[in-house]
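Asks: Have a look at this one before I ask anything.
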Amino acid sequence: MVERLSAAICGAGIVLICCSVAMARSEIRTSQSAYGISIVGAASMYNPYRPGNREGGLETASGERYDPSAWAAAIQTDLREKFGGVRHANTASYALVEGINKKVIVKINDVGPLKPGRIIDLDEQTMRHFDPTLRLGLIHNIKVTPLSGDDWVPGPVAER
């Protein structure tokens, strides 16, 4: 009896995990914008200098040192090519990030996030723009649009 109950609980746990992963992946949506294809999903923050943070490292994929105040982000590895790739030798691409009625241009200089369902990891400065208290942890329905060219200035976009 105990073995059957144990097997049933284990089976239910596996089904729950599979459903959670499928739901997390289904939260990522694409749409067309004036700048090209936009991706909509969840955003999180990464900062390798914060205690207990296990994501990322001190050096970004572009070769730059991580700077928590640089208006930068890491794009999901699967989306790397849609965002012009993240190249070495201090070159990066740029993206417009929109959510919670705010807009910001970020420099995509790293790859990640490592957790399913997230499309972008924001540095601390960018996350504070959307969540000044850093209490949300995750921001849903963030729209990320790649920007062409290298002449963008990272930072908040003023509303007109």
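The values are calculated or read from the model by the stated rules, or taken from the named source; none is laboratory data. The structure displayed is predicted, hence computed values, not measured ones. A quick note on method: Cβ atoms are made from the backbone with ideal geometry, for glycine too, and the neighbour counts reach across all protein chains shown.
Asks: Does region 121-160 hold any residues that are without any contact (Cβ under 8 Å) to a residue 12 or more places away in the chain and either closer than 15 Å to residue 107 by Cα or of a type in the set (A, V, I, L, M) (or both), and which are they?
Replies: Initial filter on region 121-160 (without any contact (Cβ under 8 Å) to a residue 12 or more places away in the chain): 128, 132-133, 135-136, 151, 158, 160.
If the condition is that a residue be without any contact (Cβ under 8 Å) to a residue 12 or more places away in the chain and either closer than 15 Å to residue 107 by Cα or of a type in the set (A, V, I, L, M) (or both), then 136, 151, 158 are the ones that fit.
Asks: Among the residues that make up region 81-97, is at least one of them part of a loop (DSSP other than H, G, I, E, B) and at pLDDT 80 or above?
Replies: No, the conditions are met nowhere in region 81-97.
Asks: Take the residues in region 127-160 that are within 11 Å of the chain's Cα centre (by Cα) and closer than 26 Å to residue 59 by Cβ; name whichever of them is surrounded by the most Cβ atoms within 10 Å (Cβ to Cβ).
Replies: Across region 127-160, the extreme among qualifying residues is 144.
Asks: Conditions: (1) more than 19 Å from residue 80 (Cα to Cα); (2) under 14 Å from the mean Cα position of the chain (by Cα); (3) modelled with pLDDT under 90. Residue 116 meets all but one. Number of the miss?
Replies: Result: residue 116 fails condition (1) only.
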